[in-house]
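Everything below concerns the one structure shown next.
The values are calculated or read from the model by the stated rules, or taken from the named source; none is laboratory data. Since we're looking at a predicted model, the values are computed, not measured. Here the Cβ positions follow ideal geometry from the backbone for every residue, glycine too, while neighbour counts run over all protein chains shown. What goes into the accessible areas is simple: the full protein's heavy atoms, side chains included, and nothing from ligands, DNA or RNA. Shrake-Rupley method; radii C 1.70, N 1.55, O 1.52, S 1.80 Å.
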Amino acid sequence: MMTRKILKSSVNVLLLSFLMVLCSCQMPDNAAVPVTISSGGSTAYQVVMPGEPAAVDEYAARVLALYLKQITGAELPVVSPEARDTQKPAIYVGMSPPALKYLGGKPLAALKDQEHVARSIGTNVFLYGQGVHGNLYAVMDFLESQLGWRWYSVFELPVLPKQPTLTLQPFNRKRGFSFAYRKVSVRRGLDFYYQQGMNMGYDGRVDSIVKKNPAGITNFAWFVSELPDVADGSHTLFGYIPPDATAHSAIRWPWLEKTNYFETNPEYFTQLENGQRVKNRQLCFSNPGLRKELTANVIKTIAHIGAPCLLALSAMDVPGPFCYCRECKTLEEKYKSAGGPLYDYLIELCSLLKEKDPGVLIKTLAYRRAQTQKPPQLPEGQKLPENLAIDFAPIEDNYFADWTHPDKQIQETYSDLKAWGKITTHLSAWLYPNPWGSGITMPVGNVERLINNMRLMHKAGVEAVFTDHCSYNHRGGWSEIQAYLFYKLCRDVNCDTDAIIREFTDNFYGPAAELMRKYMKELEEERKAMIDLPPGVGYRSGNTDNRTFPYLTVRNIHRWQEYFDQMEKSLAGRPESELANLRFARRALDLATLWKWFDLKKAHPEYYADHKLFVERVNAVNEIKALPGPEWEGTNSVNRQASKGPGPGDFTTLIEAGGQVKPLPAEFAGMDANRIKQFVPKYPNRRAGRAVILDKEAAFGYAVPVAEPELPFTFGFYQGDTRTHGAKRAVELKEITPGEYKLYKLGEITVTPDCLVWFARSWATNLGLGERLYEPGADNIWEVYASIKFMGPTYGGDAGEALLPKAERIPYGGKPEDLVLVDRIIFVPKSADQFKKP
């Protein structure tokens, strides 16, 4: 009986296949009819490769067949045009003789670079596009628009609807990209990015994805990855002219054997205001010898890597003028920009390469307001050479504002970008969706910022984008939805972002999605309400204070915690991945809760009875294990484990310290305590050591260890915006009382938007003042004192093992027996009424 059923089923499958073939043969080629790819998990279709497939075409065909099998259950053979079964329908990937027979004429001639088409003719499907990746883009658009394929995050699996019977209505779709070149920082899972339309220079570097096939390249478009970006990078000058063998650079060429230029030619490097040449700044571009040597090394590099290619020649990541020599200052004046010396050299170099190596494109960074962010002023109607690309990187923008914000500096940045667009043939731009420091630790509503800035970039003429997505690696904040929006806006800058956000959150958070969107919206509204931006808040701001995060109030934090309680309840019995995604989103709010613990506990004592519950939840999120990769990755599965995110350790220490503050030292008796400000320094990069330690003798119950303490011990003041060293203090051994906090006067300072008080030679222990003390229009003059405790034999005392064991100290090079702690820095305003009358 069973044998008869199996036989009957087999006959039905064969009959279905016969009917599908019959329909495909009898139907006119141009008939607009439904396309039934599979029925009941069976198919008669085949995937036909291009006539002369490149590696990317082979990859596209394999991906198509793979996803179709997962969606329908049917396995489609991937065949060459010669091996195809002429009696069966097909999905044609790229151009081949049989595909051209149906399409007629020269279908690629009507397409711009990277444009692609997905269409049906009769029962056949045609997926093709212009350029190296055109066929792959057509395949992925077909899967997304016709079959419902989605891949929301590299940490997640592709979403594939199960459709054993798959019938498509006739379709004819042509698409391109709003941004012609798209690049992201690749952390893991190359397939994910490649299938999203991110080029990222895979060709020529990642053989496991696709091997470079430059044959037939005629389009000199720097933004297409047909140009190998093996020479791409940031801050590369010392890769061509290394001052010594240890100098850092984004690249270092093995064929450029000389590594001691500062020893042999110090005149090639920055001259300071005092006339001294230094090897840790930039190059002196007005020096004829330097220009000749740098050009020779560029030409030698081109000879080794081959043309066409993209070469990055960008300033080192050191702020301030390139050089103070008279000739460089003359070039600054000539171009009305601090970047004048570099621009002058690049114009000369590109003019030479245009004749000698026309397939080479030079790229440089427009970076920092006081360096190269501002474009050169050229004679009326003149533009920069066509083989010079400008990469605009607005790293100094306040991360709470996009370019629609009225802030003067924010508007200055966008004005600079538009000005570059007027004189540049090829304009690229960096996106900084998330900052470093506390901006990825605390909740920030910055999804709209990415959307608005991408649209404004496009309006200004940007054709290539790169996103520096630091928190994406540990799934911080809104980074995953920002990344997904980035991919979609790259394809269509005017896409319906509200619909994309709804779709993404519905998939990521299930029944909790609606409330999650409400939380996101409220964060966005709080961000946009910050008309007066916190001063000094940029990409590197590590401050967690009320001035930086005015919206993280007790009322808001508590309301949002109640949102998450509701969301967690709504996910009972749902897939574990949804709860994991929810808790990644909650982590920043839990950290904000620990920061504001004492205020929250006072307002809601029952809810905030035990801080350890929040600590444990943050720690649990940081231990969430990655989902297994797709089955088709097999043994080649990539590591999708998120990096461990920010932890609660230092906030826990602050809570355990008790939240109390000791009175001001006796030196301040008689002063108005309400006008005196006191802060604890920024916690240094802890590396293997502890950043904040409990100390019952400290003013707030905790203190910060100083990195690289020395004798004499130094601390001082520095204005970053003016590159000016201010007051400096050396503490001699005779001034130290070992094991006790003692007040040391630094002196008078003038606070500017970007300035800090630093400690010891590394400056790793410091306090940024711009966002804390600077007031526009005020005198901003303060007297500064630091409360410091010295322990260890270097300072004539015990090692202080009870406070901090040697194994837990910050290993910056200081002696492990020594420990220097700062528990507060005190600021007294210098004004006529600063003292109370006796």
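With L579, L627 as the choices, which residue is open to solvent by less than 70 Å² (accessible area, probe 1.4 Å), farther than 23 Å from L552 by Cα and modelled with pLDDT of 95 or more?
Values: L627 fails: modelled with pLDDT of 95 or more.
Just a single option satisfies the conditions, and that option is L579.
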Please find, within region 100-138, the residue that is farthest from the chain's Cα centre (by Cα) out of those that are more than 28 Å from T167 (Cβ to Cβ) and charged (D, E, K, R).
-> K106
Any pair with Cβ under 6 angstrom, 6 or more apart, that starts in region 486-510 at a residue that is free of Cβ contacts under 8 Å to residues at least 24 places away in the same chain and among the basic types (K, R) and ends at one that is outside any helix (DSSP H, G or I) and surrounded by fewer than 18 Cβ atoms within 10 Å (Cβ to Cβ) = K488/C495
Mind checking which residues of region 475-509 are polar (S, T, N, Q) and either assigned to a helix (DSSP H, G or I) or buried (at least 20 other Cβ atoms within 10 Å of the Cβ) (or both)?
-> S479, Q482, T497, T505, N507
Which ones in region 740-760 are more than 16 Å from Q678 (Cα to Cα) and exposed (fewer than 15 other Cβ atoms within 10 Å of the Cβ)?
-> E740
Note on R281: of the conditions (1) surrounded by 14 or more Cβ atoms within 10 Å (Cβ to Cβ); (2) within 28 Å of H725 (Cα to Cα); (3) modelled with pLDDT of 95 or more, unmet is (3)
Evaluate region 609-616: report whether one residue or more is assigned to a helix (DSSP H, G or I), among the aromatic types (F, W, Y), surrounded by fewer than 18 Cβ atoms within 10 Å (Cβ to Cβ) and at pLDDT 95 or above.
-> no
Which condition does K734 not pass, out of (1) touching a residue at least 40 places away in the same chain (Cβ under 8 Å); (2) open to solvent by 50 Å² or more (accessible area, probe 1.4 Å); (3) in a helix (DSSP H, G or I), if it passes all the others?
-> (1)
Considering region 67-99 alone, what residues qualify as being surrounded by fewer than 18 Cβ atoms within 10 Å (Cβ to Cβ), part of a helix (DSSP H, G or I) and either of a type in the set (S, T, Y) or within 40 Å of the chain's Cα centre (by Cα) (or both)?
-> K69, Q70
Residue pairs meeting the criteria (Cβ under 8 Å; at least 6 apart or on separate chains; first more than 13 Å from A44 (Cβ to Cβ), in region 75-91; second at pLDDT below 95 and open to solvent by 90 Å² or more (accessible area, probe 1.4 Å)) | V78/R62
Identify the residue in region 316-340 that is under 17 Å from G720 (Cα atoms) and of a type outside the set (A, V, I, L, M, F, W, C) and, among all such residues, is most open to solvent (accessible area, probe 1.4 Å).
-> D317
Some residue of region 83-96 being of a type in the set (K, R) and closer than 26 Å to E463 by Cβ = no
Mind checking which pairs have a first residue in region 366-380 that is at pLDDT 95 or above and a second that is basic (K, R), Cβ under 6 Å, 6 or more apart or different chains?
-> Q377/K336
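Conditions tested, residue by residue: (1) touching a residue at least 40 places away in the same chain (Cβ under 8 Å); (2) not polar (S, T, N, Q).
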site	(1), (2)
Q46	yes, no
R62	no, yes
Y67	yes, yes
P98	yes, yes
P107	no, yes
H116	yes, yes
F126	no, yes
Per the list (1) over 29 Å from the mean Cα position of the chain (by Cα); (2) within 22 Å of G233 (Cβ to Cβ), residue check on G339 breaks on (1)
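Hey, among R555, R527, R540, R517, which residue is assigned to a helix (DSSP H, G or I) and within 22 Å of the chain's Cα centre (by Cα)?
R527
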Identify, from the list V154, V210, V132, V186, the residue that is surrounded by fewer than 19 Cβ atoms within 10 Å (Cβ to Cβ) and at pLDDT below 95.
-> V186
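Per-residue answers, yes or no, for (1) closer than 25 Å to D496 by Cβ; (2) among the basic types (K, R):
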| site | (1), (2) |
| --- | --- |
| T425 | no, no |
| G439 | no, no |
| V444 | yes, no |
| K459 | yes, yes |
| Y472 | yes, no |
Filtering helices (runs of 4 or more DSSP H) wholly in region 238-340 for at least 3 residues that are free of Cβ contacts under 8 Å to residues at least 12 places away in the same chain and not basic (K, R) gives 288-305
Would you check if V444 is of a type in the set (A, V, I, L, M, F, W, C), part of a strand (DSSP E or B), open to solvent by less than 40 Å² (accessible area, probe 1.4 Å) and touching a residue at least 60 places away in the same chain (Cβ under 8 Å)?
-> no
Residues of region 106-119 classified as open to solvent by less than 20 Å² (accessible area, probe 1.4 Å) and part of a strand (DSSP E or B), total | 3
Failed item, numbered, when M454 is tested on (1) more than 27 Å from F504 (Cβ to Cβ); (2) open to solvent by less than 20 Å² (accessible area, probe 1.4 Å) | (1)
Would you tally the residues in region 247-257 being touching a Pro at 6+ places or on another chain (Cβ under 9 Å) and farther than 18 Å from C284 by Cα?
-> 2
Region 397-441, residues that are of a type in the set (S, T, N, Q) and touching a residue at least 12 places away in the same chain (Cβ under 8 Å) | N398, T404, Q409, T413, T424, T425, S428, N434, S438, T441
Can you work out which of the residues in region 362-407 that are farther than 20 Å from E463 by Cα and aromatic (F, W, Y) is surrounded by the most Cβ atoms within 10 Å (Cβ to Cβ)?
-> F400
Taking only pairs six or more apart or across chains, which ones have beta-carbon atoms under 8 Å, a first residue in region 529-548 that is free of Cβ contacts under 8 Å to residues at least 24 places away in the same chain, and a second residue that is of a type outside the set (A, V, I, L, M, F, W, C) and open to solvent by less than 50 Å² (accessible area, probe 1.4 Å)?
-> A529/Y551
Under the condition of being over 31 Å from the mean Cα position of the chain (by Cα) and closer than 17 Å to G716 by Cβ, which residue from region 761-791 is surrounded by the fewest Cβ atoms within 10 Å (Cβ to Cβ)?
-> I781
Qualifying residue in region 559-575 (condition: among the small types (G, A, S) and free of Cβ contacts under 8 Å to residues at least 12 places away in the same chain) | yes
For region 239-278 the number of residues that are surrounded by 15 or more Cβ atoms within 10 Å (Cβ to Cβ) and touching an Asp or Glu at 6+ places or on another chain (Cβ under 9 Å) is 11
Got a number for residues in region 480-504 being within 19 Å of the chain's Cα centre (by Cα) and within 25 Å of R583 (Cβ to Cβ)?
-> 8
